[in-house]
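Visitor: This is the structure I want to talk about, given as structure tokens.
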Amino acid sequence: MPLALLALAVSAFGIGTTEFVMMGLLPNVADDLGTSVPTAGYLVSAYAIGVVIGAPLLTAVGSRIPRKRMLLLLMGLFIVGNLASALAPGFGWLLAGRVLAGLPHGAFFGVGAVVAARLVHEGRQARAVATMFLGLTIANIVGVPAATLLGQHLGWRATFLVVTVIGLVAMAALARLVPYVPVDAHQSVGRELRALGNRQVLLGLATAVFGFGGVFAVYSYLASMTTEVMGFGESSVTLVLALFGIGMTLGALAAGPLTDRALRPTLYGSLATLAVVLVAFRFTAQVQWAALVTVVVLGAVGFMTTTPLQMLVMNKARQAPTLASASNHSAFNLANAGGAWLGGAAIAAGWGWMSPTLVGAVLAVVGLAIAVTAGLLDRGGRETAAGTSRVVAEGPRPQENAHQVVTSSSTRASGS
């Protein structure tokens, strides 16, 4: 594995930690800043808004910037956003800091996914992208619980200071380990936007919004389900969330090789299984051991959708995959917000704490229907390892020596 992938994974770890840690810090932030927990909840939405806005905007602005330099600039913005959050004198300033921290999220993963795919040989692109995403999943196992615990004992500001330090470490790793990756000579904002308008790309983004929305319809209320339905105490919430994170990691590990072998079947299978698991969770939640097993499986099948969706939009926008890849993260954050809202609406309607599982199942089925429709409309009809390798068509691929620049002609001769 190229060490550059490790630098990308460390960066993803920091981004994943700051994205999800606010959910565990809301009571602390509300008490410290003299506001209510529901009002403090806007801080979660603020980050998502930053992602939705920043992903297409920053990717388009940076379309002509060499990939390594773009990654460093985005990580720098991430550091500034988290430092601003740590030093925020009031709620409004913290809200702005969260938006600022979210701005580089989608663009970083969009650029990072393209770089990761070009660091490895053909047939291993999806595994390389999944390796980067491992940092995001491990953040839910280690980073978020640890950062939440830190915030509870030393104050929420300490959490964002630590995330700032993680960002500095990630930036140093990117500078040292990631090779120079030039942009294609014909790359432009217009070309990126035209690629984003591809029908298959748009259907892939829609699949992400609905399919992954099914995950967040339940994940957003997993803490309440743990105490209100499963019968665990509040002290067990961290364990249950960590189990979900373990499932996410297992799903990411499995998704890479499966996507390299057969992209669309992996996407269909994960979405169909997700719908089944969500329905089953409504019943297994009544038995503690079965509920814990289901939480792990739910995290696994839910996150197995991310790699094939990422590779799909990169492949279908292969002449300019970066904006499409970044926009995929905007779609995931729309799924986050939309799934959480629909799941909360079901609970507020008096349908019970487990009603979000049925909402999530419906969303997963809609996502599956969109994915199948896209497959039928696609002439190829099936993605294989040969198909996913086409994402590297954007330009030359650096060899595994992280400091060697390879000429465009030699790279294209190798099959890029």
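Visitor: Taking interchain pairs and intrachain pairs at least six residues apart, which have beta carbon atoms under 8 angstrom, with the first residue in the stretch 347-368 and open to solvent by 40 Å² or more (accessible area, probe 1.4 Å) and assigned to a helix (DSSP H, G or I) and the second at pLDDT below 90 and basic (Lys, Arg)?
Guide: Taking only residues 6 or more apart or on different chains, not a single pair turns up.
Visitor: Do the conditions hold for LEU334, that is, is it within 25 Å of THR137 (Cβ to Cβ) and open to solvent by 20 Å² or more (accessible area, probe 1.4 Å)?
Guide: Judged against the criteria, LEU334 is a match.
Visitor: Quick one: which of LEU26, LEU95 is among the aliphatic types (A, V, I, L, M), over 15 Å from ILE166 (Cβ atoms) and at pLDDT 90 or above?
Guide: Answer to the selection: LEU95.
Visitor: Considering every residue within the stretch 65-85, establish whether at least one is at pLDDT below 85 and of a type in the set (Val, Ile, Thr). Working first, answer last.
Guide: Filtering the stretch 65-85 down to residues at pLDDT below 85 leaves none.
No - not one qualifying residue is present in the stretch 65-85.
Visitor: What's the number of the only condition in (1) assigned to a loop (DSSP other than H, G, I, E, B); (2) crowded, with 24+ Cβ neighbours inside 10 Å; (3) at pLDDT 85 or above that GLU383 fails to meet?
Guide: (3)
Visitor: Among the listed residues ALA158, ALA172, ALA206, ALA147, which satisfies the condition of being modelled with pLDDT under 90 and either surrounded by 22 or more Cβ atoms within 10 Å (Cβ to Cβ) or part of a helix (DSSP H, G or I) (or both)?
Guide: Result: ALA147 is the single residue among ALA158, ALA172, ALA206, ALA147 that is modelled with pLDDT under 90 and either surrounded by 22 or more Cβ atoms within 10 Å (Cβ to Cβ) or part of a helix (DSSP H, G or I) (or both).
Visitor: In the stretch 73-94, which residues are more than 21 Å from the chain's Cα centre (by Cα), touching a residue at least 24 places away in the same chain (Cβ under 8 Å) and open to solvent by 10 Å² or more (accessible area, probe 1.4 Å)?
Guide: Matches in the stretch 73-94: LEU83, LEU87, GLY90, PHE91.
Table: residues versus (1) in a helix (DSSP H, G or I); (2) of a type in the set (A, V, I, L, M).
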position	(1), (2)
PHE232	no, no
PRO265	yes, no
ALA280	yes, yes
TRP289	yes, no
VAL301	yes, yes
THR307	yes, no
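Visitor: Additional query: Select, from THR273, THR249, the only residue that is open to solvent by 30 Å² or more (accessible area, probe 1.4 Å), polar (S, T, N, Q), part of a helix (DSSP H, G or I) and within 29 Å of VAL201 (Cα to Cα).
Guide: From the options THR273, THR249, the qualifying one is THR273.
The values are calculated or read from the model by the stated rules, or taken from the named source; none is laboratory data. For clarity, every value in this text was computed on a predicted model and none was experimentally measured. Note that each Cβ is placed from the backbone with ideal geometry, even for glycine, and that neighbours are counted across all protein chains shown. Heavy atoms of the whole protein, side chains included, go into the accessibility calculation; ligands, DNA and RNA do not. Shrake-Rupley method; radii C 1.70, N 1.55, O 1.52, S 1.80 Å.
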